[in-house]
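Engineer: Let me give you the structure first, and then I'll get to my questions.
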Amino acid sequence: MAQTKITGDVIADGTITSAKLASGAAVPANGSISTEKLANDAVTTDKLANSINTAITANTAKVTNAITTHTGDVTGAAALTIAANAVTIGKLAVTDGSSGQVLTTNGSGTLSFATVSAGAATGTSLPSVTAVGTQFYNTSTKALYSSDGSAWVLIAQANALPVGAGGTVTMATVNVGSAFTHNLGLQFNDADSVDSLLTYTLHSGTLPAGLTMPAFGTTSLTGTASGNTATYTFVIKATDLDGGVGTQAYQVGVSNDYITATGGTITTTGGYKYHTFTSSGNFIVSGRNNRTLDALIVAGGGAAGGSAGGGGGAGGAIEDNNITPAVATYAIVIGGGAVQTNAATQAQQGNNTTCFGNTALGGGGGSGTHHVSPYNYKNATLQSGGSGGGGFGWDNPNTGGPKYDLVGGTGTSGQGNDGGDAPWQSYYGCGGGGKGAAGANADITLNGAAGGVGINWKSLGTFYAGGGGGGAEGTGGLGGNGGGGDGVTNGGRNGYARGFAGTANTGGGGGGGFQFQVNGGQGGGAGGSGIVIIRYAV
């Protein structure tokens, strides 16, 4: 074979071995062939052993990084990417702190953990202005201030929530058909707002029919209730302009059986409301439904006789029950008690009391006399009344004087009882009649007789309209339970004394006096003034 040039394309890959080389041919030493001896792109993967290709594949990333120019914040021959969440406390030049601390630097490259304090003074009112940057926190208003050196500047303030009064608030009873109002603002407080800027809504429960929640800018639950007697419970929510809310529980009763009225002194006890009139006035009914009322009407008591005086009769007492009032104004006129007497004056009747078309008659005056010439007895015609005045008896045989045996006055049916009687052999005053019983008769002793007892109206514990006791030289008669005045005791044959007055605003009769001499006697006691008591269930 003639010698020719063999190109690389004829020789199969990997077929040139040392055996193929001529003897004595120069073989390049290890490392003597540099990349400069190789043509560009002459060495391909096909010309390299498989183990070399594997090594190159495994290190491609390193080769790429080594020859890439990085223009980011990290500089150098190679730029590496830090994985997310790879930096922990252990990777930093700092010792871990405690819970709640923050990482800080001293400005010279040293890291550490430190506790951050609030740095603000606290209180409920602003102190004097201090250095610039000083802070103050108001624990009441939840406001944070900072000082600018001359004034406190509000930085931030938490919204104060509306706060209810707590518990369950019981509203006044709502009467069907009557106007009702309740100010909800009285039960809510908002430190940084006012009641009228709260919005009130029903949070839970049911309102009585006819009642409506207040519109914005107002605070009162209003309306006219309808329906039957019942009790309602509900919760109202108050919302401020910043959305803060507070709640309050309520209870209200609705009554379809009621009387709404004013006048007199008003008290409530035992399930009843009482209007007590001790002086004249008006009872004003502004609303009523399915309710009646009761009334005690007592006139003024009569005065007692002045000497050996019979007790004054109690003022007439009328018990008027189950009255059905209209919505109207009713005039109440309270009768005064009869004025006290002297020995020479006839004892007068008490004054009438009127109410609801009823007239209670004043009590009758007690009888009496002078005991020496001229022997005049008094009050033969003024003894009758609501209850009759007591009579008197006198027998003076030693001086040839007349014998007196005046019977007691007559009480008015339904209002009172008769005064006591005095046969001529009896001595001194008889008892005035009371609402509950007649006055006691005089006897043949020197003692006065007791007045008739009054009544304990509706078992309330207070008696009214008792008769006055008779006056005597010995022991005076006791006034009847119900304001009757006691008769004078131990007037003395040569002395004189006045009987005791009936109790004011009971209609009690006056107590009888005693006077032996013609001149200077003090006379009988005055009658007690009348009273009106009206009551109805609530």
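Only the coordinates and a few stated rules stand behind these numbers; no lab work does. On a predicted model such as this, the values are computed, not experimentally measured, just so you know. Please note: Cβ atoms are built from the backbone with ideal geometry, for glycine as well, and neighbour counts cover all protein chains shown.
Engineer: On the principal axes of its Cα set, how long, how wide and how thick is the range 124-174? Give whole Å, largest value first.
Structural biologist: Between the extreme Cα coordinates on each principal axis of the range 124-174 lie 59, 17, 16 Å.
Engineer: Would you please give the FRET efficiency between Val194 and Ala172, computed as 1/(1 + (r/R0)^6) with r the Cβ-Cβ distance and R0 = 25 Å, to the nearest 0.05?
Structural biologist: 0.55
Engineer: Once you place label points 7 Å from the Cα toward the Cβ at Asn322 and Ser146, how far apart are they in nm?
Structural biologist: 8.3
Engineer: Something else about it: When ranked by the protection proxy of mean other Cβ atoms within 10 Å per residue, highest first, what sequence do the peptides 445-457, 429-441, 266-278 form?
Structural biologist: The packing order, highest mean first, is 429-441, 445-457, 266-278.
Engineer: A further question follows. Determine, from the Cβ-Cβ distance of Gln157 and Thr269 and an R0 of 60 Å, the FRET efficiency 1/(1 + (r/R0)^6), rounded to the nearest 0.05.
Structural biologist: Efficiency computed from Cβ-Cβ geometry: 0.75.
Engineer: Sticking with this structure for a sec: Ratio to report: Rg/Rh of the range 163-255, with Cα atoms as the point set and Rh obtained by the Kirkwood method; give two decimals.
Structural biologist: Rounded to two decimals, Rg over Rh is 0.97.
Engineer: Note the full-extension length gain between Gln135 and Thr110 as 0.36 nm times their separation in residues minus their Cα-Cα distance, in nm to one decimal.
Structural biologist: This chain segment gains 6.1 nm when fully extended.
Engineer: Given a Förster radius of 60 Å and the C-beta distance between Ala179 and Gln101 as r, what FRET efficiency does 1/(1 + (r/R0)^6) yield to the nearest 0.05?
Structural biologist: For Ala179 and Gln101, the calculated efficiency is 0.40.
Engineer: Hey, what do the phi angles of the range 353-361 turn into as Karplus ³J(HN,Hα) couplings, whole Hz, using 6.51/-1.76/1.60 and θ = phi - 60°, x for Gly and Pro?
Structural biologist: 10, 10, 6, 6, x, 9, 10, 8, 7
Engineer: List, in order, the whole-Hz ³J(HN,Hα) value for each residue of the range 229-239 obtained from phi through the Karplus relation with A = 6.51, B = -1.76, C = 1.60 and θ = phi - 60°; use x for Gly and Pro.
Structural biologist: Result, rounded to whole Hz: 5, 6, 10, 10, 10, 7, 10, 10, 10, 10, 10.
Engineer: If you don't mind, there's one more thing I want to ask. At 0.36 nm per residue, minus the direct Cα-Cα distance, what do Thr278 and His203 gain on full extension? Give it in nm, one decimal, please.
Structural biologist: Computed gain between Thr278 and His203 is 22.2 nm.
Engineer: Looking at the range 108-243, I'd like the Rg to Rh ratio, where Rg is from alpha-carbon atoms and Rh is Kirkwood's inverse mean 1/r.
Structural biologist: 1.25
Engineer: Name the residues whose placed amide hydrogens come within less than 5 Å of the amide hydrogen of His203, ignoring near sequence neighbours (fewer than 5 apart) on the same chain.
Structural biologist: Under 5 Å from the amide H of His203 lie the amide H atoms of Val235, Ile236, Lys237, each far enough along the sequence or on another chain.
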